[in-house]
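Data block below; observations after.
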Amino acid sequence: MWRYFISRFLQIPIVLLIISLMIFVLVYVAGDPVAMMLPAEATQQEIQNLRIALGFDQPFYIQFWNYIVDLVQGDFGESYKYGVSALGLVLERLPATLELATASMIMAIIIAVPLGIISAIRPNGIIDLFATGLSALGKAIPNFWLGIMLILVFAVNLKLMPVSGTGSWKHLILPAITLGTAVSAEITRLVRSNMLEILQQDYIRTARSKGQKKSIIIFRHAFRNSLVPVITITILQMASLVGGSLITEMIFSWPGLGQLIIQAVYDKDLPIIQAAVFVTAVMILLMNLATDVLYRFLDPRIKYS
Amino acid sequence: MKSSSHAEVAALPVDKNDRSIKTKNKFKIFLTKLSRSKTGSVGLVIVLALCVMAVFAPWIAPYNPGKIDTTNMLVPPFWSDGGSVAHILGTDNLGRDILSRIIYGSRISLIVGILSVLVAGAIGVVFGLISGYYGGLVDNMIMRLVDAFLSVPTILFCIVFLTVLDPGIPTLIIVIGVTSWVLYARMIRGETLSLREREYVKAARTMGVSDFQIMKRHILPNVTSSIIVISTLSVASTIITESSLSFLGLGIQPPIVSWGIMLSEGKEYVATSWWLATFPGVAITVTVLGIIFFGEWLRDLLDPRSQGTNS
């Protein structure tokens, strides 16, 4: 088992190397950013000097090597716009994004798990049809539109919530719903189909026939056994939460990583984008590894070769 | 699916009438099965309506979608105060008819949705077949590439590409395709891994059939139904990706009409003119919902193993 995890862990740097190569090639193809860094009235000579100073006149493989050496030291270069370390900027914004993602995840679980359980207890009942419809809708609604509609209804018309920004817990609610809906839909379906499957097992029938209380059957016998895939998929959904937070943060002016990335795209601030992609990838890779480990401990039947 | 491709391989002289009867029966069976599923039928109706809307847009749309009319700016939909039947869903900040823009916008969604799925499918099928068939080092390398793509959210990857590339429809199609092929590669690799151990594949190999022919003739036809299902469902997520990117100003560029652009323009007027940002979103949601319904029904039809989990 340890050998499996060590080899999985060793794959992470390889994957990161592939990602950085892809980003590097893209940026290389796009041409050097020197022209963007200098004022418009710069002379040809000044541009040439800066190109040499930054190493853009070197061949591709040397530039890539230098890039990797810097990257290993956590140096993604300085932001063209702000003139400070790109990685620093990204790490500064990360907590806000994680706060939003965690809030969305908690909200998604609070809604999805009971809904999934209830619909599995009475398949094709009213609540089940409602839950199935809702989760289909939750998957189909683009989250940026949901965000706009929530602002329209709860902030503009009912004036219950602030339109955007941060500060109180009220600021967190609309963005968290926006971001959490798709994940919530996914978890509802998962809980429901797992519970349905487990409720047909022989040991459930045995428990029923010996007259066990219904609540104990559902929660202790069935739900606990359906938890393993639910937990793992839930953690894996964090990746889509990070992706979804890009647009959600822009709509609600949430000062997180997503807002930083979108602004950097408009400014063509490549170091920030590179650092952001890299940090996101590291986060997701570690999360996937953690899921694997957790899976092993939660379900001792699983053996890795 | 499978039987028709085998019929072609056999290349026996087939009576044309016989064949048309067969396909007619097949179509009848298809319709009977479809009518048993409510969501499947609803999905198909929505998908067909969307296609009709996209193809016949110039005949259906009451106005030119780009026509600016400064005398009729921000007219609400016909059932609200101040609305008129002339503009059923109202007009936007430049007096353009929203219904016409939604009808034209369906073209972009469908074109980008379908073509980027084709790009993604082509890349994914090739990588998946090679990875599963050869195994070993090649498989290992391709799977690390898959891991790399999986560890960056698709939308973020698209954004990175679009920062350095010039925006436009072809760029958008290629970027979405290139960033979403992994789904196909993983699925096809998995199926190829088990298919290559089958007797008939081993037999073909002993007879000296080339690897390419084995993949093309003996493995690919057996994964076709999975490819169809994944492709259908991918169109839905691609449409959302396209509209998200256009919403951010990185995808489709005006004056071309896209639902994502309409939403980003409408967002500015959400406090005063709600209809601007509402109807394009409804269009996206209904479209995506229809494709998902149809795709899931198709999956249950083609893959009996998954039946019961989603119906």
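Using only Cα atoms and rounding to the nearest 10 degrees, what angle (0 to 90) does helix B:98-134 make with the longest principal axis of chain B? For B:98-134 against chain B, the angle is about 20 degrees.
Using a 10 Å cut-off around each Cβ of peptide A:132-144, what is the average number of partner chain Cβ atoms that fall inside? Could the numbers behind the result be given before it?
On the way: counts 3, 2, 0, 0, 7, 3, 0, 7, 13, 7, 14, 2, 12.
Mean shielding by partner chains, rounded to a whole number: 5.
Relative to one another, the C-alpha centroids of the range B:71-104 and the range A:77-111 are positioned 40 Å apart. Taking the charge dipole of chain B about its Cα centre, with +1 at Lys and Arg Cβ atoms and -1 at Asp and Glu Cβ atoms, the residue from B:Gly40, B:Met53, B:Ile214 reaching farthest to the positive side is B:Ile214. The angle between the Cα long axis of helix B:169-179 and the main principal axis of chain B comes to about 50°, on a 0 to 90 degree scale. Computed from label points 7 Å out along Cα-Cβ, the spacing between A:Thr43 and A:Ile216 is 9.0 nm. Of A:Lys214/B:Lys33; B:Lys28/B:Lys202; A:Lys213/B:Lys38; B:Lys38/B:Lys267; A:Lys139/B:Lys267, which pairs sit farther than 29 Å apart, going by alpha carbon to alpha carbon? Over 29 Å Cα-Cα: A:Lys214/B:Lys33; B:Lys28/B:Lys202; A:Lys213/B:Lys38; B:Lys38/B:Lys267.
With a/c under 1.5 counting as rounded, go ahead and sort the range A:239-288 into rounded, prolate or oblate using the C-alpha gyration tensor (a ≥ b ≥ c being the square roots of the eigenvalues; past the cut-off, prolate if a/b is larger than b/c, else oblate).
Numbers: a/c = 2.84, a/b = 1.24, b/c = 2.30.
In terms of gyration-tensor shape, oblate.
Computed about the Cα centre, the dipole magnitude for the range A:97-254 is approximately 740 debye when only Lys and Arg (+1) and Asp and Glu (-1) carry charge, each at its Cβ.
Once the mean 1/r over all distinct Cα pairs of the range B:111-195 is inverted, what Kirkwood radius in angstroms do you read off?
On the way: mean 1/r = 0.0759 Å⁻¹.
Computed over the range B:111-195, the radius equals 13.2 Å.
Each residue of the range A:81-97 is assigned a 3J(HN,Hα), and the resulting list reads 7, 8, x, 10, 3, 5, 4, x, 4, 5, 5, 5, 8, 4, x, 4, 5 Hz, derived from the Karplus form 6.51 cos²θ - 1.76 cosθ + 1.60 (θ = phi - 60°), x at Gly and Pro.
Using only the Cα atoms, what convex hull volume per residue in Å³ does the range A:172-252 have?
86 Å³
Using the alpha carbons alone, the radius of gyration of the range B:50-105 stands to its Kirkwood radius in an Rg to Rh ratio of 0.99.
Note: the range A:96-192, Cα convex hull, 93 Å³ per residue.
Once you list every other residue whose beta carbon is under 15 Å from the beta carbon of A:Leu241, what net charge do they have if Lys and Arg are +1 and Asp and Glu are -1? Show your work: numbers first, answer last.
Details: positive: A:Lys139; negative: A:Glu99, A:Glu186, A:Glu249.
So the environment of A:Leu241 carries a net charge of -2.
The C-alpha atoms of the range B:25-137 occupy a region whose extents along the principal axes are 67, 40, 23 Å, arranged from largest to smallest.
Could you please tell me the mean projected area of the C-alpha convex hull for the range B:125-246, averaged over all directions and given in square nanometres to one decimal? All intermediate terms of the calculation are to be shown ahead of the outcome.
On the way: hull surface 33.1 nm².
The number I arrive at for the range B:125-246 is 8.3 nm².
Calculated mean residue ellipticity at 222 nm for chain B: -23000 deg cm²/dmol, from DSSP H runs with n ≥ 4 weighted as -39500 (n - 2.57), summed, divided by the residue count and rounded to 500. Distance between the modelled labels on B:Ala203 and A:Val69, one decimal in nanometres: 6.1 nm (7 Å Cα→Cβ projection). A cut-off under 14 angstrom between Cβ atoms defines the neighbours of A:Ile261, and their net charge, with Lys, Arg +1 and Asp, Glu -1, is -1.
Is any residue of the range B:36-51 close enough, with backbone N under 20 Å, to a label point placed 7 angstrom from the Cα of B:Lys28 along the Cα-Cβ axis, and if so, which? Answer for the range B:36-51: B:36-37.
The equivalent ellipsoid that matches the C-alpha gyration tensor of the range B:194-254 spans semi-axes of 41, 12, 7 angstrom, in descending order.
One compactness figure for chain B is 1.19, namely its Cα radius of gyration divided by 2.2 N^0.38 Å.
Based on the reciprocal of the average 1/r between different C-alpha atoms, the Kirkwood radius for chain A equals 22.5 Å.
Can you give me the Rg/Rh ratio for the protein assembly as shown, using Cα atoms for both radii and the Kirkwood formula for Rh?
Numbers: Rg = 26.4 Å, Rh = 26.9 Å.
Rg divided by Rh gives 0.98.
Note: the range A:112-157, Cα convex hull, 81 Å³ per residue.
Neighbours of A:Leu285 by Cβ distance under 14 Å: Lys/Arg scored +1, Asp/Glu scored -1, total 0. Extending 7 Å from Cα along the Cβ direction at B:Leu302 and again at B:Ser84 yields two label points whose distance is 4.9 nm.
Relative to the longest principal axis of the Cα atoms of chain B, the long axis of helix B:275-302 makes an angle of roughly 20 degrees. Spatial offset of the range B:139-178 relative to the range A:161-227 amounts to 33 Å, using the alpha carbon center of each. Once you treat every alpha carbon in the range B:196-311 as an equal point and sum by Debye, what is log10 I(q)/I(0) at q = 0.16 Å⁻¹? Calculated log10 I(q)/I(0) at the listed q: -0.83.
Explain nothing, just the number: dipole magnitude of the range B:31-105 about its Cα centre with +1 on each Lys and Arg Cβ and -1 on each Asp and Glu Cβ, in debye rounded to the nearest 20. Kindly include the intermediate steps, with their values, before the conclusion.
Details: 6 positive and 4 negative charges, 105 e Å.
With only Lys, Arg, Asp and Glu charged at Cβ, the dipole is about 500 debye.
No value in this document is a laboratory result; all are computed from the given coordinates. Because the structure is predicted, anything quoted here is derived from the model rather than measured. FYI the Cβ positions are ideal-geometry reconstructions off the backbone, even for glycines, and counts take in every protein chain you see.
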